[in-house]
Amino acid sequence: MKYLFNTLLLCAFTLLVTGCEQNTNISKTTPAASQEPKVEVKVVVVNMFEIGEDEGDKAGEFQLWKAGQKLTKKFDFPQSHHDLYFNEETGVLGMVTGMGTARSASAIMALGLDPRFDLTKAYWLVAGIAGIDPHDASIGSAVWTTWLIDGDLSHEIDAREIPSDWESGYFPLFSHGPYKQGATAAATNHTPAGEVYKINAQLADWAFELTKETPLTDYPAMQALRAKYVNYPKAQLPPFVLKGDHMAASTFWHGKLLNEWANSWSKFWSNGEANFVTSGMEDTGTYQALTYLDAANKADKSRFMVLRTGSNYSMQPESLTAAENLKLESGENGFAGLQSSLESAYSVGSIVVNDIVTHWAEYKNSLPYEVNE
């Protein structure tokens, strides 16, 4: 009798445990099955800073995009610099990464790993202001980029201590001094390790062709500044759309000698292909994060575009020293081209964004230049 009782008790216990395990398995799978579907994002607009509020005061890079693209749905984003805003009808998502490569890289990675969003088919548009080389363009101009050059990864010796025959105190990692003018990474056996990225040139060409005739705003303060650049014909032109390449460095540098270095550095790492036109702080960090997300099948790096617009010249006119010019540009009135550069970023960039949204049925699975061949 005792044996029978123990047997029944054991059976009951076994059934109870089995049932609990089954219930546990059900409870583990039920939430996943009931999760809301991911938000499909068609375009991510990447801005770097906002001056104050997101609307209603002096605008930074984000305000025109938030208003113009009707980014009204807020997603809390405490793991990064700034909350996200979304247009549920168009699929356009706006983000502000914060300034500098560290913030931009971490912000892009945080978004890419956020389980709320499906970014596998999303296009990415960096739209931000920049310094601009007066050899190539004028303030207010909009520049579509193919090459991203990093201006931080290097050796440096203070300019007051460099040998007399050196052109610059900056030189590549794993070298002992700057190379002669015209040297390239390939010729000197330097394998890039984050110093240079070539993004999708065909997509940049498509964006340029789509926007090259866009009228850009011009203001009296810009005209007065342009007039000082008497030996730089392109710097004296009204703002226009062009193609050029971008250097990202977390130090805000300025002046003729550093401008020469930026041109030389860009040529070196691109093996002579890049033409330095704009300077900023973030884009190599942004793209590095995107390459990791691409490798994890969470984003597509071939859908990445960079549009930089000139808020200030990257060097002084001949009538001023670098220090004098920087003081004027960063004084009470700020950059002469700031307002125009913010407007150029939106007026040019929004044409591309709107075209992607309009033709999403084709562009979701094929890149625009493939569809339009």
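For this structure, a couple of remarks:
- Rounded FRET efficiency, nearest 0.05, which uses the C-beta distance separating residue 198 from residue 364 and R0 of 30 Å: 0.75
- The slack in the chain from residue 189 to residue 252, taken as 0.36 nm per residue of separation less the alpha-carbon distance, amounts to 19.8 nm.
- Fully extending the segment from residue 242 to residue 217, taken as 0.36 nm per residue of separation minus the present Cα-Cα distance, adds 7.5 nm.
- The chain, relative contact order [Cα under 8 Å, separation at least 6], %: 24
- Label-point gap, in nm, between residue 355 and residue 372 - each point 7 angstrom along Cα→Cβ: 0.3
- Options [x] 27.2; [y] 18.0; [z] 21.6 - which one matches mean projected area of the Cα convex hull in nm² as calculated here: [x]
- Cross-link reach list, lysines versus residue 327, counting only Cα pairs under 25 Å and skipping chain neighbours closer than eight places: 58, 228, 234, 256
- Taking trypsin sites (Lys or Arg not before Pro) across the range 166-251, the ones in a DSSP loop with at most 15 further Cβ atoms lying within 10 angstrom of their Cβ are 180, 212.
- Alpha-carbon centroid distance for the pair the range 304-364 / the range 139-214, whole angstrom: 20
- Normalised contact order of the range 238-373, rounded percent, pairs of Cα under 8 Å and 6 or more residues apart: 22
- Using alpha-carbon coordinates, inclination of helix 283-295 to the longest axis of the chain, degrees: 30
- A simple packing score, the average count of other Cβ atoms within 10 Å per residue, orders the peptides 266-272, 314-320, 296-302 as 266-272, 314-320, 296-302, with the highest score first.
- Seen against the Cα atoms of the chain and their longest principal axis, helix 201-211 is set at about 70 degrees.
- Simple spin-label estimate for residue 113 and residue 176 in nanometres, 7 Å along Cα-Cβ: 4.2
- Using a simple spin-label model with pseudo-atoms 7 Å out from Cα toward Cβ, residue 302 and residue 209 lie 1.7 nm apart.
- Each peptide among 81-89, 67-75 gets the average number of other Cβ atoms lying within 10 Å of its residues, and from highest to lowest they stand as 81-89, 67-75.
- Of all lysines in the structure, those lying under 21 Å Cα to Cα from residue 73, and not within fewer than 8 positions of it along the same chain, are 38, 42, 121.
- Relative to the current alpha-carbon distance between residue 76 and residue 323, full extension at 0.36 nm per residue lengthens the span by 84.8 nm.
- In Hz, Karplus ³J(HN,Hα) per residue of the range 301-309 (6.51, -1.76, 1.60; θ = phi - 60°; x = Gly, Pro): 5, 6, 9, 9, 10, 10, 10, 10, 10
- For the chain, the antiparallel share of DSSP beta bridges with both residues in that region comes to about 35%.
Readers should treat all values here as calculations from the given coordinates under stated rules, not as data from a laboratory. The model shown is predicted, which means the values in this text are computed figures rather than measured ones. Every residue, glycine as well, gets a Cβ built from its backbone with ideal geometry; the counts of neighbours run over all protein chains shown.
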